[in-house]
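Enquirer: Below is a structure I'd like to ask you about.
Only the coordinates and a few stated rules stand behind these numbers; no lab work does. It should be emphasised that the depicted structure is a prediction, and the values quoted were computed from it without experimental measurement. Cβ atoms come from the backbone with ideal geometry, glycine included; neighbour counts cover every protein chain shown.
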Amino acid sequence: MSQSEQSLTELTINGSISTIFILVIVKIMAYNACNAIFRESDAELSAAEAHGLATGMLCVNEQTDSTYWLTELLHNADPVLDKDKDLLIRLFEETRRLLASDEFEFDLFLPEDDTALSGQVAALTGWCRGFLFGVGSVATASSWPKEARDILKDIAEFTKLDTDVEGEEDERAFVEVTEYLRSAVLLLRDELSNSGDDSNELWQEDHETN
C-alpha cells in the first residue's frame, strides 16, 4: 500500500473527515501524481490535458481501450514505469465510469483550488485542447448533430481563454466555464449515443487503420 493510500485508509477509519473531503484529497493526490509522471517522462502535457484527451475519446466511443489512449499520450515520451501506467489506466477507467454514471458525477480533472487562478485557467485550456484532440483522433464530426458541433465550437473557443486573470469576477467566470463544460460533455456524449452507430463505426475504422 502506498503512503497516500495508507493515509486515506487511516482517515477513513478515524472517521474524522467527510466522504466528500476524502474524495477531494484523493483527487488532489491523483492530479499531482499524474502530473509528476508526465514531467518525468518529458511527455510535454499536463494531467488536465491527458484527462481531456481521455474524455474526448470516450465521448465518441465508450468502448475506447486505455491502450489506445496511452499510445496517444506517450508516443513522444520517455518510457514510463509499469506502476505509473497502472495509475494512468485507473484514471482512464474512472473517467469511463463517471461519464456513464446517471448521478452527474463526472468532473474535469484540474488542479486543486489553492492553485493560482492563472494556473487553473491554463490547465482548463489544456483540458479543452486535449478533449478536442481526443475527439478528432477517433472520429470526424462533420456528420454529427448541430448541437454536438456547436459544443465543439464552444470548447475550441475555451482553448483561447486569457490566463492573465485574478479577482472574484474572474473566479466566477472560471467556475461558470467549468460547470458549462461538465454539462456540455455529458450532453455531447448523449447526442452521439442517440445519433446511432456512425460515431462508433468511424472510431473502429480509424482505430483499425492505425
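Enquirer: What shape does the range 41-149 take by its C-alpha gyration tensor, where a ≥ b ≥ c are the square roots of the eigenvalues and a/c under 1.5 counts as rounded, a/b above b/c as prolate, and the rest as oblate?
Expert: Note, shape of the range 41-149 comes out rounded.
Enquirer: Sticking with this structure for a sec: In µm²/s, what is D for the range 128-188 at 20 °C and 1.002 mPa s, where D = kT/(6 pi eta Rh) by Stokes-Einstein and Rh is the Kirkwood radius from Cα pairs?
Expert: 169
Enquirer: Pop the C-beta distance of Arg149 and Glu40 into the FRET formula with R0 = 45 Å and round what comes out to the nearest 0.05.
Expert: So, using R0 = 45 Å, E works out to roughly 0.75.
Enquirer: Residues with beta-carbon under 14 Å from that of Leu53, excluding Leu53: net charge, scoring Lys, Arg +1 and Asp, Glu -1?
Expert: Value of the local net charge: -2.
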